[in-house]
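Accompanying notes for the structure given below.
The values are calculated or read from the model by the stated rules, or taken from the named source; none is laboratory data. What you see is a predicted model; the values in this text were computed from it and never measured. Backbone-built Cβ (ideal geometry, glycine too); neighbour counts: all protein chains shown. Heavy atoms of the whole protein, side chains included, go into the accessibility calculation; ligands, DNA and RNA do not. Shrake-Rupley method; radii C 1.70, N 1.55, O 1.52, S 1.80 Å.
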Amino acid sequence: MLAQRGWESRIVMSWDDLRYLLALSRAGSLAGAGRALGVDHTTVGRRVEALEEALGVRLFVRSPSGYALTNDGLGLIPDVARVEEAILAIERGSLGRDQRLTGTVRVTAAEAFGSRFIAPRLGALHAAHPGISVELVTAIRALDLSRREADIAVRFFRSTEGGLVVRKAGVVGWAVYGARAYIERRGAPTAADLPAHARIGIEAPGAMPPEHVWFERMAAGGPCVLRSNSTACMLGAARAGIGVALLPCFIGDHEPDLARIPLPDEPRRAVWLTVHRDLQHAPRVRAVLDALARMLTEERAVLCGDAPPPQPAGGPGDDRSPRGAPRKTRRNKETKR
């Protein structure tokens, strides 16, 4: 072990050095560790090499599959992890005692929910607390609140890790949508003939989300013309008319080129606001939590898909026809005029 190599007590390691060791041990690659630390991958390699030189041992062995810890490296990890937890607890405690209504609050959410629901509704928070800066981070993986990767998480699942405080704040509905041109050409799908229609599905890195399990079951056996891990890509494909897609109602109901296709047992999922208990009473974190809770409550019908579809704005040449009316009907009316 390390002590047997005759290490001298005067060797001093800073936390800044040790966090590169932890990041590379977790990511297994310089690029992954660099992303986690917000630095270039060359910086990670340089700092780890400097640490190895200072300690006089090799901490990692490189292979085609990435970086793996040596026995000496493995021996260090438990102690370094305890140092990390102690430092993170100090950071969380400091923020929790900070009584200022100014500063940065980092919020994480799924990409579509963050970009299409949260971001457009942050105006009220900014007006009430102009000193608070929100960092809105969208990510596929769930960021670690204990490690301060984010201060608040808006999630479609209930976190069970110790130290977290969770609150159910809303419900999101999903429905199947198709381009109006597609429906005019093929007819609106029903539950019975949905498998005969082209389907736009999800490419999930892990377990398929439950709403998409429902969609795949409803359309079982039918052709899938596109899969993507991006809601924006699925939306774009649906608008292009290449097939029908399952989308959150807060997006699909507000796309004028899409029509909603009613199907039985449309899926819904709870929205959970999640924060570490050390931060829940910090004024600026509390202000952002309250703002998120308000927007979820006020927009409950929009989230669930129970709100009436928006009507087109009035203007020159506007025939005031309902959003759901086929385009052919509107063109015929205009021709008669």
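Kindly check whether there is at least one residue in the range 250-260 that is of a type in the set (A, V, I, L, M, F, W, C) and over 16 Å from the mean Cα position of the chain (by Cα). For the range 250-260, residues of a type in the set (A, V, I, L, M, F, W, C) and over 16 Å from the mean Cα position of the chain (by Cα): present.
Taken across the range 257-268, residues that are within 19 Å of residue 109 (Cα to Cα) and of a type in the set (A, V, I, L, M, F, W, C) do not occur at all. Applying the criterion of at least 3 residues that are on the phi < 0 side of the Ramachandran plot and touching a residue at least 60 places away in the same chain (Cβ under 8 Å) to the strands (runs of 3 or more DSSP E) found wholly in the range 186-251 leaves 244-248. Checking each residue in the range 205-264 for being charged (D, E, K, R) and exposed (fewer than 14 other Cβ atoms within 10 Å of the Cβ) picks out only 217. Scanning the range 62-78 for residues that are open to solvent by 40 Å² or more (accessible area, probe 1.4 Å) and either farther than 17 Å from residue 147 by Cβ or of a type in the set (Phe, Trp, Tyr) (or both) yields 62, 63, 64, 65, 67, 68, 69, 71, 74.
For every residue, the table says whether it meets (1) of a type in the set (D, E, K, R); (2) at pLDDT below 95; (3) open to solvent by less than 60 Å² (accessible area, probe 1.4 Å); (4) within 23 Å of residue 207 (Cβ to Cβ).
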{"position": "92", "(1), (2), (3), (4)": "yes, yes, yes, no"}
{"position": "111", "(1), (2), (3), (4)": "yes, yes, no, yes"}
{"position": "151", "(1), (2), (3), (4)": "yes, yes, yes, no"}
{"position": "154", "(1), (2), (3), (4)": "no, no, yes, yes"}
{"position": "160", "(1), (2), (3), (4)": "no, yes, no, yes"}
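Against the definition (surrounded by 14 or more Cβ atoms within 10 Å (Cβ to Cβ) and either modelled with pLDDT of 90 or more or closer than 30 Å to residue 134 by Cβ (or both)), how does residue 96 come out, yes or no? When the stated conditions are applied, residue 96 passes them. Would the range 51-59 turn up any residue that is open to solvent by 20 Å² or more (accessible area, probe 1.4 Å) and touching a residue at least 40 places away in the same chain (Cβ under 8 Å)? Yes, there is a match, as at least one residue in the range 51-59 is open to solvent by 20 Å² or more (accessible area, probe 1.4 Å) and touching a residue at least 40 places away in the same chain (Cβ under 8 Å). If only residues of the range 24-44 that are in a helix (DSSP H, G or I) and open to solvent by 60 Å² or more (accessible area, probe 1.4 Å) are counted, the one that is farthest from residue 143 (Cα to Cα) is 42. Applying the set (1) farther than 30 Å from residue 174 by Cβ; (2) open to solvent by 60 Å² or more (accessible area, probe 1.4 Å) to residue 120 leaves exactly one unmet item: (1).
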